[in-house]
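Undergrad: I am attaching a structure below and will ask some questions about it afterwards.
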Amino acid sequence: MASVEIVFAKYIIKIMSSLSIIILAAGKGTRMKSDLPKVMHKVAGREMLNMVIDEASKLNPQDISIVVSEDFKQYEKSIIESHQEVKISFVIQKERKGTADAVKIGLKNLKKPAKKILILYGDTPLIEEKTLQAMLKKIDEDIALCVLGFDCAADNAYGRLVVDINGNLEKIIEYKDASTKERKITLCNSGVVAVREDWLGRLLQKVENNNAAGEFYLTDIVGIARKISLQCGFIQTDESEVLGVNSRMELARIESIKQNKLRKKHMEAGVTMLDCDSIYFSYDTKIAHDVVINPHVVFGKNVVVEKDVEIKSFCHIEGCEIASGAVVGPFARLRPQTKIGKNSRIGNFVEIKKSQIKEGAKINHLSYIGDSEIGRHANIGAGVITCNYDGYNKFKTEIGDEVFVGSNTALVAPIKVQARAVIGAGSVITKNVASGDMALARSKQVNLEKGGEKYHRNKSKNN
Ligand code: UD1
Ligand code: CA
């Protein structure tokens, strides 16, 4: 399809979807004890707010309005850039007057809100598209609003959903304001609400702040809707999907849930993990089938692994593409902008940065390769170091196909070693080497006849 047509098709889908989303993210997050806004803390390498937007975007909304606190300005650009597929705007809630006040501000910020409004929290990052779809479907069935609930029998301070005998939602009562009997209800409020736009403004208008917290509660819109005989519904999900983050402990819990989801996803796609609990993924890690990952491997952002690769234990890999048949590790560190070619071998204690390692090349032991190109089937001996930095600038090292670099060689960049050249062990290479030549750059060896015997005699006399 031509790009104009794609843009047009997306436009049509958005009109049909007629959905606007409001994300509440103005919380101070005091308990995080952090300079960073709470919603910018990461789970599996992705900021929580971005995770919520990622999932929300799958619904093809017409627009997303994000309610933030005053200190958020510096993060807005990166969030918009990371979501070019959807129209995002930010609005500031100056004073934290409660969730209903925040929604009011978020709603006003939408120039022409769509027919359906979905309200999400920026600090509840595990929410899934399919649950949101189910909620939107529910408000298509002619009810005014649908709340997402979950069952939790353990002691907690969530709001409670009060449901009548026919299963209709009657009201939400905040824990602080609930009676002992109401506190025994195990059906809790996640905070996520889907509501019809034609009612939302009117309901919000009637919310008051005469409650234990002195806040304008969004949850009150249910009781208000019922008073004017509007029907309200709810759907239920698992608590783990709607867990919020208020502290570093809760952040760690969410990280662990997310990692388990990522492990499951990769295993279902045909990846073998010898001890999956010790392998950590980034939200964007891409791994083909029949890849084997040994215990204790960490994937940073932006890694693509093709099929039939083996990653041995204790590797740290980020910003890197690994082609099929390669074997990496144990103890390898692959840094951003690195490409590992087909069937190549990257062994223990090897660090590679911003380099291209071509098909069948071997860098098996104790090397640093930076800003380099290593040719096909080249052999890089133990302890070879590219000296890519002079303290001011970085320079490139180019190694041709089938070059043999002897152990403990320092390659002082910028330098080119052409195809099939051989470099003797222990060399410090400062001049280019032509194709097929041999380069030796080390001090000459001196052998003193019986010098060793003399040495031993002198030493034993003195001791
Ligand atoms: C809210 C719900 C509660 C539910 C719980 C689920 C209300 C009144 N209560 O309580 O029923 O069980 O979530 O976690 O809605 N926020 C703003 N501006 C504000 C206040 C809040 O942006 O003025 C944002 C927060 O950043 C947060 C979200 O809204 O992302 C929820 O606010 P929070 O104060 O955490 O609500 P809870 O008391 O947890
Ligand atoms: Ca909360």
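The values are calculated or read from the model by the stated rules, or taken from the named source; none is laboratory data. Since we're looking at a predicted model, the values are computed, not measured. For neighbour counting, all protein chains shown are included, and Cβ atoms are generated from backbone atoms with ideal geometry for every residue, glycine included. To get the accessible areas, we keep the full protein, side chains included, count just its heavy atoms, and leave off ligands, DNA and RNA. Shrake-Rupley method; radii C 1.70, N 1.55, O 1.52, S 1.80 Å.
Undergrad: Out of the residues in region 174-198 meeting the condition of being away from ligand 1 (no atom under 11 Å from the Cβ) and among the hydroxyl-bearing types (Ser, Thr, Tyr), tell me which one is surrounded by the most Cβ atoms within 10 Å (Cβ to Cβ).
TA: For region 174-198, the residue satisfying everything is 186.
Undergrad: Of all residues in region 352-387 being in a strand (DSSP E or B) and among the charged types (D, E, K, R), which is nearest to residue 415 (Cα to Cα)?
TA: 373
Undergrad: Same structure, new question: For the condition within 16 Å of ligand 1 (Cβ to nearest atom), assigned to a helix (DSSP H, G or I) and β-branched (Val, Ile, Thr), what is the one hit in 131, 124?
TA: The conditions single out 131.
Undergrad: Sticking with this structure for a sec: Within region 16-33, track down each residue that is farther than 19 Å from residue 130 by Cβ and within 14 Å of ligand 1 (Cβ to nearest atom).
TA: 22, 24, 25, 26, 27, 28, 29, 30, 31, 32
Undergrad: Let me ask something else about it. Tell me whether region 21-30 contains one or more residues that are within 18 Å of residue 106 (Cα to Cα), at pLDDT below 90 and within 16 Å of ligand 2 (Cβ to nearest atom). Working first, answer last.
TA: Filtering region 21-30 for residues within 18 Å of residue 106 (Cα to Cα) gives 21-28.
In the following step, the residues that additionally are at pLDDT below 90 were identified as 27-28.
Filter once more, keeping what is within 16 Å of ligand 2 (Cβ to nearest atom): 27-28.
Scanning region 21-30 turns up at least one residue that is within 18 Å of residue 106 (Cα to Cα), at pLDDT below 90 and within 16 Å of ligand 2 (Cβ to nearest atom).
Condition check ((1) touching a residue at least 12 places away in the same chain (Cβ under 8 Å); (2) of a type in the set (Asp, Glu); (3) under 23 Å from residue 123 (Cα atoms)) across all residues:
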residue	(1), (2), (3)
160	yes, no, yes
208	yes, yes, no
213	yes, no, yes
229	no, no, no
234	yes, no, yes
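Undergrad: Mind counting the residues in region 209-240 that are open to solvent by 50 Å² or more (accessible area, probe 1.4 Å), more than 14 Å from ligand 1 (Cβ to nearest atom) and among the aliphatic types (A, V, I, L, M)?
TA: 1
Undergrad: Which of the residues that make up region 289-299 are surrounded by fewer than 17 Cβ atoms within 10 Å (Cβ to Cβ) and assigned to a loop (DSSP other than H, G, I, E, B)?
TA: Correct list: 289, 290, 295.
Undergrad: Out of the residues in region 241-262 that are among the small types (Gly, Ala, Ser) and open to solvent by less than 40 Å² (accessible area, probe 1.4 Å), which is nearest to ligand 2 (Cβ to nearest atom)? Lay out the reasoning, then the answer.
TA: Going residue by residue through region 241-262, those that are among the small types (Gly, Ala, Ser) are 244, 247, 252, 256.
Next, from what is left, pick out any that are open to solvent by less than 40 Å² (accessible area, probe 1.4 Å): 244, 247.
Working: 244: 5, 247: 11 Å.
This residue is 244.
Undergrad: Against the definition (open to solvent by less than 40 Å² (accessible area, probe 1.4 Å), modelled with pLDDT under 95 and more than 13 Å from residue 218 (Cα to Cα)), how does residue 139 come out, yes or no? Full working, then the answer.
TA: Numbers: open to solvent by less than 40 Å² (accessible area, probe 1.4 Å): yes; modelled with pLDDT under 95: yes; more than 13 Å from residue 218 (Cα to Cα): yes.
For residue 139, the condition - open to solvent by less than 40 Å² (accessible area, probe 1.4 Å), modelled with pLDDT under 95 and more than 13 Å from residue 218 (Cα to Cα) - is met.
Undergrad: Would you please list the contacts, defined by Cβ atoms under 7 Å and residues six or more apart or on different chains, that run from a residue in region 179-191 that is in contact (Cβ under 8 Å) with a residue 60 or more places away in the chain to a residue that is within 13 Å of ligand 1 (Cβ to nearest atom) and open to solvent by 50 Å² or more (accessible area, probe 1.4 Å)?
TA: Within 7 Å, the pairs are 191/121.
Undergrad: Among what's in region 1-20 and is open to solvent by 20 Å² or more (accessible area, probe 1.4 Å) and under 27 Å from the mean Cα position of the chain (by Cα), pick the residue that is modelled with the highest pLDDT.
TA: Residue satisfying both the conditions and the ranking: 10.
Undergrad: Okay, next question. I'd like the residue in region 154-173 that is under 20 Å from residue 226 (Cα atoms) and of a type in the set (A, V, I, L, M, F, W, C) and, out of all such residues, is most open to solvent (accessible area, probe 1.4 Å).
TA: In this case the residue turns out to be 165.
Undergrad: Answer yes or no as to whether residue 91 is open to solvent by 20 Å² or more (accessible area, probe 1.4 Å) and part of a strand (DSSP E or B).
TA: Here the answer is yes, as residue 91 does meet what is asked.
Undergrad: Contact list please: Cβ distance under 6 Å, first residue in region 298-317 and under 14 Å from residue 273 (Cβ atoms), second residue open to solvent by 80 Å² or more (accessible area, probe 1.4 Å), pairs at least six apart or on different chains.
TA: 298/280; 313/296
Undergrad: Additional query: Quick check, is residue 114 at pLDDT 95 or above, farther than 25 Å from residue 283 by Cβ and crowded, with 19+ Cβ neighbours inside 10 Å?
TA: No; evaluated as a whole, the condition is false for this residue.
Undergrad: Would you tally the residues in region 300-311 being part of a strand (DSSP E or B) and open to solvent by 30 Å² or more (accessible area, probe 1.4 Å)?
TA: So the answer is 2.
Undergrad: Another question about this same structure. Could you grab me the full set of residues in region 340-359 that are under 11 Å from residue 326 (Cα atoms) and open to solvent by less than 50 Å² (accessible area, probe 1.4 Å)?
TA: The answer is 340, 341, 344, 346, 347, 357.
Undergrad: Filter region 312-332 down to residues that are crowded, with 20+ Cβ neighbours inside 10 Å and not in a loop (DSSP other than H, G, I, E, B), then give me how many there are. Even if it seems obvious, please write down each step before you answer.
TA: Within region 312-332, the subset crowded, with 20+ Cβ neighbours inside 10 Å is 312, 315, 317, 320, 322-323, 326-329, 332.
So of that shortlist, the ones also not in a loop (DSSP other than H, G, I, E, B) come out as 315, 317, 320, 322, 327-328, 332.
The total comes to 7.
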